[in-house]
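Working notes, structure below.
The values are calculated or read from the model by the stated rules, or taken from the named source; none is laboratory data. These numbers were taken from a predicted model, which means no experiment stands behind them. Reconstructed Cβ throughout: ideal geometry from the backbone, glycine too, with neighbour counts over all protein chains shown. Protein only, heavy atoms only, side chains kept; ligands, DNA and RNA dropped before computing areas. Shrake-Rupley method; radii C 1.70, N 1.55, O 1.52, S 1.80 Å.
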Amino acid sequence: MGWSRFFRRKFWQEERSRELEAHLQIETDENIARGLTPDEARYAAQRRLGNLLRIREEIDAMNSVGFVDTLWQDLRYGARQIRHNPGFSTVAVLTLALGIGSVTVMYSVIRNVLLDPFPYADSRGLVDVLVRDLARPDAIVRGPLPVDEFRDYQEQSHVFADVIGADGESVIWTSDTGAEQFTIVHVTPNTFTFLGVSPLLGRTLGPDDARPDAPAVAVLSHRAWRSRFGGDPDVVGRPIVLDDRPRTVVGVMPPRFEWNVADAWVTERLERGAPDVVSTSRWFQARLKPGVALAQAEAELAVIAARRAREHPEQYPKQFRIQVVPVIEWVVGRYRTVLYTLFAAVGLLLLIACGNVASMLLARATAREAEMTLRAALGASRARIVRQLLVESLLLALAAAAVGSLLAYGGVEALTRVMPQQNVPRETVIRLDRPVLLFCLATAVFSTFLFGLVPAVHSIRRDLLAGLRQGGKGLAASRRGGASNGLVMAQVALSLVLLLGAGLLMRTFLALVHVDLGFDVANVVVVPFGFPAGQYEAAGKKQAFVSEAVERVSGLPGVVVAADVVGWPAPFAAFRTEYEVAGRPGPSPERAVVRMCSQNYVQVMGLKLAAGRALSPEDVRQAHKVAMVNEAFVRTVFPDRNPIGRYVTLPGLSSARDGVKGSERDALKDPTFEIVGVLRDVRNSGIREAASPEVLLPSTLSPGSVRTIVARTSMDPAAMLETIRREVKRLDRGVAVRTGGVLETEVRDSFHSQPRFVLLVLSAFAVTGLLLVAMGIYGVLAYTVSRQRREIALRMALGAARGDVLGFVVGLGMRLVAGGVFIGTVASIGTNRLLVDQLWNTTPHDPLTFAVAIGVIVLVGLAACYVPAARAVRVDPMAALRSE
């Protein structure tokens with residue numbers, strides 16, 4: 001039969017019914033003509049035509065598709081079952097929705113952060129090319145490449161479909177309201193075509209804009225357009241002044257376009273031999289050709305680099321590596337491991353939820369044993385019964401998917417608020433889009449077979465006679481009780497794995513929060529500012545402005561002490577360079593942290609003096625070549641000698657550019673300094689790392705174009721921030737004062753946010769898993785008590801004490817908990833290794849964490865066992881026996 005007849009089967013059934021009725025009427029009329037009464041004539045006609053019900057069934061079968069009809073019957077029957085058991089259905093749907101919603105939220109984050117974070121064309125193939133020193137694997141020798149090197153890699157390689165270059169710098173944007181810091185990114189003319197994103201307003205940059213005689217133009221980011229220009233649609237064509245150079249705005253990019261994180265993009269042609277370092281140095285960014293692997297690209301570039309290293313040995317370390325890094329990997333880094341770990345954790349939560357629902361379905365299937373046995377006795381096949389149960393599970397799963405999607409919408413928003421932004425691309429928009437919703441539906445279907453298959457399989461393993469006799473209380477019930485027990489033990493094991501992970505991360509987080517940084521971040525305000533091009537060119541003028549600004553800030557009510565720093569003051573962000581000490585052969589292989597500051601910096605940051613003296617006002621005012629070093633420097637260089645009065649040379653200070661982007665400083669002809677003091681170590685290489693050698697110098701030795709005022713306050717530092725910014729701005733509106741911030745917040749966001757995020761999410765999963773485990777244990781014990789009500793009544797009638805009965809029921813539950821704890825402990829030995837990168841100051845097998853986690857599981861298990869146990873001891877023996 002064709003599908004067209006199936007969809008018109010009502011018409012065909014009516015047509016065949018009329019035809020059948022016509023045949024019946026003709027036969028009846030002929031019988032009447034033979035002399036029979038009308039009733040006798042109709043009965044005779046019916047006998048001749050045969051069983052009319054059977055004929056109608058055959059006609060209906062001719063116009064039907066069998067499996068569709070039976071499936072529709074199963075769907076209607078399953079819907080009635082769900083409607084007639086609202087309590088069971090609600091708990092099952094909410095339990096499963098919690099698991100599906102959590103998985104959907106984490107998949108949304110992974111897809112939008114790791115799999116498809118960029119709006120650019122073929123973003124999976126975007127790569128960066130870096131030069132690394134094998135002697136210092138974590139150090140990048142060069143990211144931006146000089147134009148000659150850039151051109152060699154571009155022209156002599158055959159693994160890239162296209163190549164672009166970009167490099168940013170900080171400039172001063174001058175407007176009618178004053179000066180502001182502005183970040184521009186110099187890009188090659190083909191960049192916007194390469195990325196394949198159309199502008200929101202105006203046009204993008206192209207080859208014509210890179211001609212030597214072309215007018216200076218710029219394309220604004222959506223963020224800068226909204227914050228700096230108020231979202232004015234007439235901004236296209238407006239001139240802006242960047243570092244005293246007028247440029248015309250020709251376009252505005254859409255919100256998700258954040259390539260190299262710029263306020264604006266400008267372009268110039270890359271010419272070999274050009275003297276301007278800023279305009280001729282670029283990050284090498286490219287798109288791999290289809291089928292080209294990273295290793296193949298690295299091998300080809302290594303040949304080119306080896307040839308260049310022979311021709312320009314001063315540009316390359318003795319041992320180096322050309323590394324081709326996917327842009328996604330470069331931005332996300334170790335955060336990938338974090339998200340995949342959380343996804344695995346939420347997968348465990350889904351398994352716990354499925355196990356819980358499967359336990360409930362097993363108990364319900366036992367209660368329906370008589371029904372299933374009767375259906376089988378009446379001719380229902382095993383496949384039909386299994387399909388019926390799976391259809392009911394499917395309806396529950398689809399309802400859970402709908403509820404889980406609603407939970408996921410709220411969960412995505414909540415998770416985005418607590419997610420650290422340091423390793424998330426700015427282009428990323430975390431949302432529930434179509435692939436995520438399809439994933440949610442796929443998860444629901446998978447869950448259907450996961451939690452519905454066990455009771456369905458058990459339903460076909462039955463003895464019809466025993467099933468009719470016992471009504472679900474015989475052998476099948478005992479078999480299902482064993483399956484339920486196995487599911488509960490699996491839930492306990494999975495929950496213990498989650499709880500142990502959360503416990504280890506909590507140990508790490510507490511250790512990070514209470515680690516001694518070596519400096520005091522409380523009540524410290526940080527206000528950076530930059531000098532406009534063409535002004536304050538003389539070092540004396542620049543230093544005079546800084547000194548007056550520090551003096552004014554120091555006099556503000558609520559400011560205890562203030563100082564200035566070249567660049568950024570946080571101990572984790574500083575210029576690093578090689579150092580040489582008399583009596584030691586050659587430069588040290590380790591790089592020292594170099595910081596230039598005024599005399600009050602030690603007091604502002606709460607640093608402690610270990611030996612010698614601190615920088616004096618005279619040292620700073622006269623730019624004396626003196627230095628303070630930390631204890632790590634002394635341990636490395638002078639392990640058995642007094643460092644005071646000795647000299648250290650910093651060759652990196654003889655170049656003109658420091659480690660702060662866009663910051664210039666005066667080169668020192670003789671970068672040799674006398675050590676006058678030793679400071680206690682601070683965590684200058686990261687909160688988890690030991691201190692690196694550090695050198696503090698007077699800030700007047702290298703004024704720099706970016707300076708920072710740091711101030712310790714006696715009031716709320718957030719409230720003082722704007723006051724200090726206004727005071728600096730009052731000196732000169734042409735100086736670009738940045739937003740600044742509170743140092744304590746900067747440290748917390750940089751080093752506590754990621755472990756806090758992982759701890760929060762994993763703890764939420766663990767707590768949810770514990771609740772589901774408690775529900776699972778309670779459900780199994782409640783079912784066991786109801787199945788063994790007669791046995792309990794007999795025990796009590798024969799004199800068993802209530803305490804014995806209570807211990808008997810609790811013992812049943814705790815045996816399940818003990819089995820699950822054993823399985824979970826063994827499993828966690830392997831799974832906890834996934835958290836190694838996230839742990840600090842603890843081990844994956846920390847005994848205290850194991851003891852606490854097991855104790856929590858046991859307490860939750862006892863609480864879940866108590867309610868059905870208390871119900872069991874309240875059984876009236878006589879009433880229970882009479883009911884049996």
Q | Residues satisfying the stated conditions in region 709-735, i.e. of a type in the set (Ser, Thr, Tyr) and open to solvent by 40 Å² or more (accessible area, probe 1.4 Å) | A | Ser714, Thr723
Q.
With the structure loaded, tell me whether Val331 is within 30 Å of Ala774 (Cα to Cα) and either in contact (Cβ under 8 Å) with a residue 60 or more places away in the chain or open to solvent by less than 20 Å² (accessible area, probe 1.4 Å) (or both) or whether it fails that test.
A. no
Q: Would you confirm whether any residue within region 518-534 is more than 30 Å from Leu835 (Cβ to Cβ), of a type in the set (A, V, I, L, M, F, W, C) and free of Cβ contacts under 8 Å to residues at least 24 places away in the same chain?
A: no
Q.
I'm trying to understand the selection: among the residues of region 683-741, which are free of Cβ contacts under 8 Å to residues at least 12 places away in the same chain and touching a Ser or Thr at 6+ places or on another chain (Cβ under 6 Å)?
A. none
Q.
Here's a check for you: in region 309-325, which residue that is of a type in the set (Lys, Arg) and farther than 15 Å from Leu130 by Cβ is modelled with the highest pLDDT?
A. Arg310
Q | Unique match (being of a type in the set (Gly, Ala, Ser), in a helix (DSSP H, G or I) and modelled with pLDDT under 85) among Ala402, Ala365 | A | Ala365
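Conditions (1) open to solvent by less than 60 Å² (accessible area, probe 1.4 Å); (2) within 15 Å of Thr577 (Cβ to Cβ), marked per residue:
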{"residue": "Asp619", "(1), (2)": "yes, no"}
{"residue": "Gln622", "(1), (2)": "no, no"}
{"residue": "Lys625", "(1), (2)": "no, no"}
{"residue": "Val629", "(1), (2)": "yes, yes"}
{"residue": "Arg635", "(1), (2)": "no, no"}
{"residue": "Phe638", "(1), (2)": "yes, no"}
{"residue": "Pro643", "(1), (2)": "yes, no"}
{"residue": "Pro651", "(1), (2)": "yes, yes"}
Q | Single unsatisfied condition, Ala864 versus (1) in contact with a Phe, Trp or Tyr (Cβ under 8 Å, 6 or more places away or on another chain); (2) open to solvent by 20 Å² or more (accessible area, probe 1.4 Å); (3) farther than 30 Å from Arg336 by Cβ | A | (2)
Q.
Among the residues of region 149-201, what is the count of those that are over 22 Å from Val235 (Cα atoms) and of a type in the set (Gly, Ala, Ser)?
A. 6
Q) Looking only at region 679-693, which residues are of a type in the set (D, E, K, R) and over 28 Å from the mean Cα position of the chain (by Cα)? A) Arg680, Asp681
Q) Only one residue in Val634, Val594 is at pLDDT 90 or above and under 30 Å from Ser281 (Cβ atoms). Which one? A) Val594
Q.
For a quick check of your reading: which strands (runs of 3 or more DSSP E) sit entirely within region 110-219 and have at least 2 residues that are farther than 22 Å from Ala264 by Cβ and modelled with pLDDT of 90 or more?
A. 126-133, 160-175
Q: For region 835-842, indicate whether the set of residues that are open to solvent by 60 Å² or more (accessible area, probe 1.4 Å), modelled with pLDDT of 85 or more and either over 30 Å from Arg334 (Cα atoms) or under 39 Å from the mean Cα position of the chain (by Cα) (or both) is non-empty.
A: no
Q | Residues satisfying the stated conditions in region 591-625, i.e. in a helix (DSSP H, G or I) and among the β-branched types (Val, Ile, Thr) | A | Val602, Val604, Val620
Q: Could you give me the residue pairs with C-beta distances under 8 Å whose first residue belongs to region 122-133 and is closer than 26 Å to Val197 by Cα, whose second residue is among the small types (Gly, Ala, Ser) and part of a strand (DSSP E or B) wherever it lies, and which are 6+ apart or on separate chains?
A: Gly125/Ala161; Leu126/Ala286; Val127/Ala286; Val129/Ala286
**Q.** So Ala818, is it open to solvent by less than 20 Å² (accessible area, probe 1.4 Å), in a helix (DSSP H, G or I) and at pLDDT 80 or above
**A.** no
Q: Search region 246-267 for residues that are open to solvent by 10 Å² or more (accessible area, probe 1.4 Å) and modelled with pLDDT under 95 and pair each with any residue that is assigned to a strand (DSSP E or B) and among the charged types (D, E, K, R) when their beta-carbon atoms are under 9 Å apart and the residues are at least 6 apart or on different chains.
A: Asn260/Asp167
Q.
For the condition open to solvent by 10 Å² or more (accessible area, probe 1.4 Å) and not acidic (Asp, Glu), what is the one hit in Leu362, Leu395?
A. Leu395
(Q) Of the residues Gly347, Gly355, only one is assigned to a helix (DSSP H, G or I), surrounded by fewer than 24 Cβ atoms within 10 Å (Cβ to Cβ) and of a type outside the set (Phe, Trp, Tyr); which? (A) Gly347
Q: Scan (1) over 17 Å from Lys608 (Cβ atoms); (2) open to solvent by 50 Å² or more (accessible area, probe 1.4 Å); (3) modelled with pLDDT of 90 or more for the single condition Arg680 breaks and write down its number.
A: (1)
Q: Quick one: count up the residues across region 821-850 that are within 20 Å of Asn485 (Cα to Cα) and either part of a loop (DSSP other than H, G, I, E, B) or hydrophobic (A, V, I, L, M, F, W, C) (or both).
A: 5
Q: With the condition kept exactly as written, say whether any residue in region 158-174 is closer than 30 Å to Ala293 by Cα, among the aliphatic types (A, V, I, L, M) and touching a Pro at 6+ places or on another chain (Cβ under 7 Å).
A: no
(Q) Checking Ala853 against (1) crowded, with 17+ Cβ neighbours inside 10 Å; (2) outside any helix (DSSP H, G or I): exactly one of these is not met. Which one? (A) (2)
